[in-house]
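Some notes on the structure that comes next.
The values are calculated or read from the model by the stated rules, or taken from the named source; none is laboratory data. Since the model is a prediction, treat every value here as computed from it, not as a measurement. For neighbour counting, all protein chains shown are included, and Cβ atoms are generated from backbone atoms with ideal geometry for every residue, glycine included.
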Amino acid sequence: MTSTIQSPYTQEQIAAWLRGLLTVAWADGDFNPEEQQIITDLTQDELAPKTDLGSLDKITPTDLAALLGKDTEIAQNFLRTAVLVALADGVYSESEDELLHQFYQALGQEALALEVLRHTLYRPSEGTSSDQAGMLELNGQLLSAKGQRILLKPVREWLDGLDIHDPRLARFLCKMIPSQCPFERDINLFGHKVVHIPPLCKLNPLYEQLVGLRFRALSYLADECKEDVSAYI
């Protein structure tokens, strides 16, 4: 799996970018060291072949900012992918929100999207029914589907502004985002449980953005990089 596309990002930036996304994926603490190694190997061997990514361990916000540099467009595109990775399992947790806020601060960007996303924070409680688990609240009131769309419109428009210019990032997104809205299930890699995913279309009010991003990543790999994307379909 190779590509002749000239990436606008340096190898160091891509390594930092992927480490940042993996740090977000591991933010909720559901991954033990063995499972983290499985994802690391997957990223190195399948998503960025013939590229020396170094050690794909967690990255601090300070190190991320130092390696990505001061380019606002790069920072915004990284943050878009980081937010989408946080949302990929259908639940936006407080640990993910805290980490993303630190990334925003280190990169010198305004965290306007996070202010809206905080209305979607998952706080499990005994009084929450399964039908209410993915619904948004505003001032303590559950919002209708129409209300959710209005509230999240700025975030949807911001996420839709993501441009994909690197095949390694495109492959990562195709692997992280399911190909269709699944029923509740466990994701396994090489015989190991990696993550538990609830029904995304029910719990994730930004699921359409995830689907659209995955489609753009597939199209980029197929049309511009001339890669075989059958493994992702």
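Considering region 141-190, the residues that are of a type in the set (Gly, Ala, Ser) and over 27 Å from Ala75 (Cβ atoms) include one that is modelled with the highest pLDDT, namely Ser179. Considering region 12-38, the residues that are of a type in the set (Val, Ile, Thr) and modelled with pLDDT of 65 or more include one that is nearest to the chain's Cα centre (by Cα), namely Val24.
Looking only at residues of region 52-82 that are surrounded by 20 or more Cβ atoms within 10 Å (Cβ to Cβ) and modelled with pLDDT under 90, we find that the one that is nearest to the chain's Cα centre (by Cα) is Thr81.
The one condition from (1) surrounded by fewer than 13 Cβ atoms within 10 Å (Cβ to Cβ); (2) modelled with pLDDT under 90; (3) part of a helix (DSSP H, G or I) that Glu98 does not meet is (2).
Would you check which residues across region 107-131 are hydrophobic (A, V, I, L, M, F, W, C) and either surrounded by 16 or more Cβ atoms within 10 Å (Cβ to Cβ) or at pLDDT below 80 (or both) and list them? Listed by number, the residues that qualify are Leu107, Ala111, Ala113, Leu114, Val116, Leu117, Leu121.
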